[in-house]
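Peer 1: Before anything else, here's the structure in question.
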């Protein structure tokens, strides 16, 4: 019966994610040698704050990628929600603005899901379409000019902290645990893995495949809206170009975190660690004054190396 | 057969371990030139591992291999292929969008001035296909070929690599008996050319049809090697499972049983029409017929994955035209697919999740999925069905076909169906697991479940069914009582109407 309980709980999670966690630990060790400023509380909090937006996007992206889909529209949804927050927060109230911005994210996500699940449009194409469409909406809504945000209370979301921890990071970590719980402990979450592993088998087993597909894109849209909330509050301005290219950072975080693009394999904890790895890499390069252009090279190499190593370890099993 | 020559391929004390698990234990094996050497054994006996060692996909942990007398170790499938040892896997791997000739020469195209020499390729491909006595135009798109033809192209591809040793992994599993016979003809031709053939099959009668010698594996060890002429089926079975295999028939009186499922005039355009039958509580209704007669289609229409144009279905008196498998399962009708790989298993998920996916609600405790409840469930069926695995956490793709099927049976039962549709429940399953599945099915009907059994295996249908529907070209050609059914009466109805 030993083997029956081995994979359970946190230990099992650590065991499965050993590679990614090891990479993170290695990176931290190397980073602390490269700069004595790295392992300081203010710097680590800074890293956490900086990764929050992409980290939140990547959580939603994980749901989509677990179903063997992809969501290219998250950067644009973020942009759309940013201009909606900016447009409404000073005119109406903070709660209403938040509801509308998040609602817009869910709405675009739902459109993605309907297109993928019921119209049978490949996820790549469907979300490429909404990538352009949502960005277009942001430009139309703002007429192309950034909208300033004046509400002081709204800034707190992006810039405040609680017991020394930045609010955006708290949002990220709370979201992380909620997502993990949904994926691990609910029939919905479990079915996501199942349908990502073999959609036809899941359907024959009675999984409501189409509905759940809509749900994962809606979830991804929601988190894109949430990331937009952090973004607009941090910058206190609603710019229609917000989040351009962020979808690729989110996908990178998911992939570095060990989630398979073929679906059915991965976790939000992995994604979180992937986010940290990319964030720490950027941080250490910054601390050492590496040219931002050159940083791009490091990030690219990291993504490819990470996937290469994971691919090898999977084949070896 | 030349019994005296140096073996083409030989193994001595071949051993393979995965962690603490010894899956192959000191296997000795010889393949002589021009010999068909069959390997049989239950699922999990080590056949696949053995093949993977022979073809260099795995490296042995002990023992040695020799190729035409010289010590050989293969670094990988490319290496073994380069040295004339070629495996034709059960899952064919042609590129569907390329032509037959392109597939044959993929990776080693004949070249002239640096570009593909199309004319030379066409000639060579034609020559290879003629050598196999098959009539496939080399320019045909591989995706347009039947499975049997694709297999021939795979063999032609092997010959293009100068195959000396050909390893056929369950080649007949996807063929009907006519096509299998064609394959045997080709094997005879290759034999005559001195090629050694390793032949894996679950169908014991095929061993007697085509093999010269047979080696039996059980739990990773060789339990016997013999000339086929010297042994019988009973000998094979005894060495495979270590016990005899009974084919007893069981009859039961169903006259006073209540009717559970009624199907009246069911039709699906282009697939089947006018299908009417009843199913009693605790009855096994066999559905026999040739491939393409519309048997699986009926099952799919019942659970809502194929459209129904007319007809009426009732389940325990309630209307039961379902629009999707979920609705069917909720009402107590579950369909277990014939195509385990394509629409059965969740390959990269653990056994546990594969078993529970169909009724996750049953495993909620305080509103959350309980791993303990799931493990209890799978442990229960592991015992009942003798599922062999390292534990419920292993990915199901690592299990043998028979064990996968048992897990899928557990999945089907998790919804507690009133009517269970089993489609080819023992396809690709070895004889030991088959026996276990049969007795389990009997146990289910004893407990009051009703079963629709779709099967192409005559023996299975005859052995398990209380009544038998015979389908022919989308219609019911005959309904036979257990007492009047035999192989001849079924075949007559299926083929002649």
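Peer 1: Determine which member of the set A:191, A:175 is at the interface with chain B (Cβ under 10 Å from one of its Cβ atoms) and touching a residue at least 12 places away in the same chain (Cβ under 8 Å).
Peer 2: On the way: A:175 fails: at the interface with chain B (Cβ under 10 Å from one of its Cβ atoms).
Matching residue, one of A:191, A:175: A:191.
This table checks each residue for (1) surrounded by 23 or more Cβ atoms within 10 Å (Cβ to Cβ); (2) out of contact with any strand residue (DSSP E or B) (no Cβ under 7 Å at 6 or more places or on another chain); (3) more than 14 Å from chain B (Cβ to nearest Cβ); (4) farther than 27 Å from residue A:45 by Cα.
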{"position": "A:130", "(1), (2), (3), (4)": "yes, yes, yes, yes"}
{"position": "A:133", "(1), (2), (3), (4)": "no, yes, yes, yes"}
{"position": "A:141", "(1), (2), (3), (4)": "no, yes, yes, yes"}
{"position": "A:165", "(1), (2), (3), (4)": "no, yes, yes, no"}
{"position": "A:181", "(1), (2), (3), (4)": "no, yes, no, no"}
{"position": "A:201", "(1), (2), (3), (4)": "yes, yes, no, yes"}
{"position": "A:205", "(1), (2), (3), (4)": "yes, yes, no, yes"}
{"position": "A:229", "(1), (2), (3), (4)": "yes, yes, yes, no"}
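Peer 1: Let me ask another. When residue B:270 is evaluated against the numbered criteria (1) away from every other protein chain (no Cβ under 14 Å); (2) surrounded by fewer than 21 Cβ atoms within 10 Å (Cβ to Cβ); (3) not in a loop (DSSP other than H, G, I, E, B), which criterion, by number, is the only one it fails?
Peer 2: That leaves (3) as the condition not met.
Peer 1: Given the structure, is residue A:160 at pLDDT below 95 and within 14 Å of chain B (Cβ to nearest Cβ)? Walk me through how you get there before you give the answer.
Peer 2: Values: at pLDDT below 95: yes; within 14 Å of chain B (Cβ to nearest Cβ): no.
In short, no.
Peer 1: Could you pull out the residue among B:270, B:332 that is out of contact with any helix residue (DSSP H, G or I) (no Cβ under 7 Å at 6 or more places or on another chain), over 30 Å from residue B:211 (Cα atoms) and at pLDDT below 90? If you could, list the steps in order and put the result at the bottom.
Peer 2: Details: B:332 fails: at pLDDT below 90.
That would be B:270, the only listed residue that is out of contact with any helix residue (DSSP H, G or I) (no Cβ under 7 Å at 6 or more places or on another chain), over 30 Å from residue B:211 (Cα atoms) and at pLDDT below 90.
Peer 1: For residue A:36, are the conditions met, namely being at pLDDT below 90, surrounded by fewer than 24 Cβ atoms within 10 Å (Cβ to Cβ) and in contact with a strand residue (DSSP E or B) (Cβ under 9 Å, 6 or more places away or on another chain)?
Peer 2: Numbers: at pLDDT below 90: yes; surrounded by fewer than 24 Cβ atoms within 10 Å (Cβ to Cβ): yes; in contact with a strand residue (DSSP E or B) (Cβ under 9 Å, 6 or more places away or on another chain): no.
No, not satisfied.
Peer 1: Which one of the conditions (1) touching a residue at least 24 places away in the same chain (Cβ under 8 Å); (2) surrounded by fewer than 23 Cβ atoms within 10 Å (Cβ to Cβ); (3) not in a loop (DSSP other than H, G, I, E, B) does residue B:404 fail to meet, given that it meets all the rest?
Peer 2: (2)
Peer 1: Answer yes or no: is there a residue in segment A:260-267 that is within 29 Å of residue A:101 (Cα to Cα), away from chain B (no Cβ under 14 Å) and either in contact (Cβ under 8 Å) with a residue 40 or more places away in the chain or surrounded by 21 or more Cβ atoms within 10 Å (Cβ to Cβ) (or both).
Peer 2: No - not one qualifying residue is present in segment A:260-267.
Peer 1: Here's something else I'd like to know. Being within 12 Å of the chain's Cα centre (by Cα) and modelled with pLDDT of 95 or more, is that true of even one residue in segment A:201-220? It would help to see each step written out before you state the result.
Peer 2: As a first pass, look at segment A:201-220 and keep what is within 12 Å of the chain's Cα centre (by Cα): A:219-220.
From what's left, modelled with pLDDT of 95 or more: A:219-220.
Checked against the condition, which is being within 12 Å of the chain's Cα centre (by Cα) and modelled with pLDDT of 95 or more, segment A:201-220 yields at least one hit.
Peer 1: Could you tell me which numbered condition residue B:387 fails, if it satisfies all but one of (1) within 11 Å of chain A (Cβ to nearest Cβ); (2) crowded, with 16+ Cβ neighbours inside 10 Å; (3) modelled with pLDDT under 95?
Peer 2: (1)
Peer 1: Look at residue A:121 and say whether it is in a helix (DSSP H, G or I) and either away from chain B (no Cβ under 14 Å) or at pLDDT 95 or above (or both). I'd like the intermediate steps shown before the answer.
Peer 2: Details: in a helix (DSSP H, G or I): no; either away from chain B (no Cβ under 14 Å) or at pLDDT 95 or above (or both): yes.
So residue A:121 does not fit the description; no.
Peer 1: Now a separate question. Would you mention how many residues in segment B:333-356 are facing chain A (nearest Cβ under 8 Å) and more than 19 Å from residue A:195 (Cα to Cα)?
Peer 2: The number of residues fulfilling the criteria is 0.
Peer 1: Given the residues B:471, B:458, B:491, which is the only one that is touching a helix residue (DSSP H, G or I) at 6+ places or on another chain (Cβ under 6 Å) and surrounded by fewer than 19 Cβ atoms within 10 Å (Cβ to Cβ)? Break it down stepwise before answering.
Peer 2: Numbers: B:471 fails: surrounded by fewer than 19 Cβ atoms within 10 Å (Cβ to Cβ); B:491 fails: touching a helix residue (DSSP H, G or I) at 6+ places or on another chain (Cβ under 6 Å).
Just a single option satisfies the conditions, and that option is B:458.
Peer 1: Related question: In segment B:314-325, which residues are crowded, with 20+ Cβ neighbours inside 10 Å and either within 14 Å of another protein chain (Cβ to nearest Cβ) or within 25 Å of residue B:456 (Cβ to Cβ) (or both)? Break it down stepwise before answering.
Peer 2: If we filter segment B:314-325 for residues that are crowded, with 20+ Cβ neighbours inside 10 Å, which is where we start, we get B:315, B:320, B:322, B:325.
Once the filter is applied, which keeps residues that are crowded, with 20+ Cβ neighbours inside 10 Å and either within 14 Å of another protein chain (Cβ to nearest Cβ) or within 25 Å of residue B:456 (Cβ to Cβ) (or both), segment B:314-325 yields B:322, B:325.
Peer 1: Taking into account only those residues within segment B:357-374 that are at the interface with chain A (Cβ under 8 Å from one of its Cβ atoms) and within 32 Å of the chain's Cα centre (by Cα), which is nearest to residue B:337 (Cα to Cα)?
Peer 2: Residue satisfying both the conditions and the ranking: B:358.
The values are calculated or read from the model by the stated rules, or taken from the named source; none is laboratory data. Model, not experiment: these values are computed from the prediction. Neighbour counts run over all protein chains shown; Cβ positions are idealised from the backbone, glycine included.
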